[in-house]
Amino acid sequence: MNWQPIDGAPKDGTLFLGCKADHYHPQEAVWAAYHPNSRGKECWRTSAICGNKIEGLTHWMPLPPPPSVEDGE
């Protein structure tokens, strides 16, 4: 997995890692509106419910697969 330009990031509600080239602080991000009834006001946001705007994202990459949990461990 490599960082890709933000222009290619998914805008379908898929979570991904986003960051700014000048300030390396990767964070989970999503293209969403502040509230589901705010259609037309979507932007990059944190993944929390009613997430905060994320300004200036320059790059993204898919989230890694989740760890597997085996029975009995």
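Here's a check for you: in region 15-45, which residue that is among the aromatic types (Phe, Trp, Tyr) and exposed (fewer than 15 other Cβ atoms within 10 Å of the Cβ) is modelled with the highest pLDDT?
As a first pass, look at region 15-45 and keep what is among the aromatic types (Phe, Trp, Tyr): 16, 24, 31, 34, 44.
Going one step further and asking which of them are exposed (fewer than 15 other Cβ atoms within 10 Å of the Cβ), we end up with 24, 34.
On the way: TYR24: 86, TYR34: 73.
Within region 15-45, the match that is modelled with the highest pLDDT is TYR24.
Within region 1-16, the only residue that satisfies the criterion of being among the polar types (S, T, N, Q), closer than 16 Å to THR58 by Cβ and assigned to a loop (DSSP other than H, G, I, E, B) is ASN2.
Do we find that GLY56 is of a type outside the set (D, E, K, R), at pLDDT 85 or above and part of a loop (DSSP other than H, G, I, E, B) in this structure?
Details: of a type outside the set (D, E, K, R): yes; at pLDDT 85 or above: yes; part of a loop (DSSP other than H, G, I, E, B): yes.
Answer is yes for this residue.
Apart from one condition, ALA48 fits all of (1) of a type in the set (Gly, Ala, Ser); (2) surrounded by fewer than 14 Cβ atoms within 10 Å (Cβ to Cβ); (3) under 13 Å from the mean Cα position of the chain (by Cα); (4) modelled with pLDDT of 85 or more; the exception is (4).
When region 17-34 is filtered for residues that are touching a Ser or Thr at 6+ places or on another chain (Cβ under 6 Å) and not in a strand (DSSP E or B), only ALA21 remains.
The values are calculated or read from the model by the stated rules, or taken from the named source; none is laboratory data. On a predicted model such as this, the values are computed, not experimentally measured, just so you know. Positions of Cβ are backbone-derived with ideal geometry, glycine not excepted, and every protein chain shown enters the neighbour counts.
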